[in-house]
Amino acid sequence: NLPRHTPTISYGVLYDQLGALRDAKQQDDAQLVQALKALGDKQRMRIFRALQRSPCYGTELAQLTGLSPATISHHMTELLQANLVTLELSGQRSVYHVNPEGVQNLAAAIATLNHASLN
């Protein structure tokens, strides 16, 4: 005979698994919102498009956009946190690159939203 508490344990495991799935979904949603907010800013979109053409130093981005280095730094922090760009230190200078994995994740998340809305 099985112990009487087995259904509770099974239910508890299932409940924990469902909770983990819910938490993962919420984290995915938060990352998607952060990435969309990052690209929703006109200046950050300009910076991102420049980086799609080629990696750039922060000073180059300032020259390309006409923004101050401090403003570029602010925008780059947002893009880095959204996982859309990466930073490589080259001596005392910072080289920014588009993060292909972050862009793929964003595209997949958007495609999932689009697919979900069709069902």
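Quick one: in segment 62-116, of everything that is closer than 19 Å to Ala50 by Cβ and in contact (Cβ under 8 Å) with a residue 60 or more places away in the chain, which residue is surrounded by the fewest Cβ atoms within 10 Å (Cβ to Cβ)?
Gly102
Exactly one condition in (1) touching a residue at least 40 places away in the same chain (Cβ under 8 Å); (2) open to solvent by less than 30 Å² (accessible area, probe 1.4 Å); (3) part of a helix (DSSP H, G or I) is not met by Gln52; state its number.
(2) is the only condition that Gln52 fails.
The values are calculated or read from the model by the stated rules, or taken from the named source; none is laboratory data. Here the structure is a predicted model, which means the values were calculated and not measured. Please note: Cβ atoms are built from the backbone with ideal geometry, for glycine as well, and neighbour counts cover all protein chains shown. SASA here: full protein model, heavy atoms, side chains in, ligands and nucleic acids out. Shrake-Rupley method; radii C 1.70, N 1.55, O 1.52, S 1.80 Å.
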